[in-house]
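Please read the structure below before turning to the comments.
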Amino acid sequence: MSDFTTLYSSEDAFGPLLVMEDREVRLLSFGDNDEQSKLSKSALHLPMHTYLQAMLLVLLFIKPKRVIILGLGGGGLIQALRHFDRGINITAVELREAVIDIAKRFFWLPLGKKLNLVHQDANAFLAEGKHKKADVIFADIYHAGGVDEQQHSEVFIANAAALLKVDGYLVLNCWKEHSRNQALLALLKEHFSDVYACLTGGGNWVVIAAKQARQISSSGLKSEAQQLSQRLDFPLARSLTRFEPWES
């Protein structure tokens, strides 16, 4: 990342934190050659990472009024959701207080009454079960070494399902090797009626699990995706072609 200018550098109990930018983008990094968040400075609402684009496929199936985001990063998912619908109530849970401060200071986080920032471990937040039930829970819990494996645990999946409405969705951002994780698939099928997944061009395995089964036609999805692409301001076609039921 030699072409980037470092705007901020610090360290907390969990490791380093860096904010860097060039003319077009701003990055949040937790270490060398790490990209936790990447925002276009001229279009904050456009997801730069393919995994974020894939996570937003859930909007094909539900128009949420209340969502929970586990893992804040630079707030790219919040920016996209706020552009999609300014009325969504968003709760973002982040373990590292420094990350919350950085998102506010450097990543133009859209603060307001409909954004609630919670400094807490995501597992503890789910276990408490005090939050109002959500339409969608997005789990994107990563550190410098990769995905936090706790988000694939039996307790995590069960508590997330319990905090969703009867027709809610859980969206997990995983690595491609998790596509072979039959234990995770079995856990999801214990708590969700339908489980879909998308392997992104960046090597992420994005899982969308639905509490209620529903009939989905490919032609209907394509039509919905065209309309949703216009609202989100980026094409969903590439992610949709990789989206399919996750079978054992």
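The values are calculated or read from the model by the stated rules, or taken from the named source; none is laboratory data. What you are looking at is a predicted structure, and each value in this text was computed from that prediction instead of being measured. Here the Cβ positions follow ideal geometry from the backbone for every residue, glycine too, while neighbour counts run over all protein chains shown. Calculation scope for accessible area: heavy atoms of the full protein, side chains included, ligands and nucleic acids excluded. Shrake-Rupley method; radii C 1.70, N 1.55, O 1.52, S 1.80 Å.
Candidates are the residues of the range 148-158 that are more than 14 Å from Ala209 (Cα to Cα) and in contact with a Phe, Trp or Tyr (Cβ under 9 Å, 6 or more places away or on another chain); the one that is least open to solvent (accessible area, probe 1.4 Å) is Asp148.
Glu35 meets all of the listed conditions (1) open to solvent by 50 Å² or more (accessible area, probe 1.4 Å); (2) farther than 26 Å from Ile208 by Cα; (3) touching a residue at least 12 places away in the same chain (Cβ under 8 Å) but one, namely (2). Annotation note: of Ala161, Ala92, the sole residue that is in a helix (DSSP H, G or I) and at pLDDT 95 or above is Ala161.
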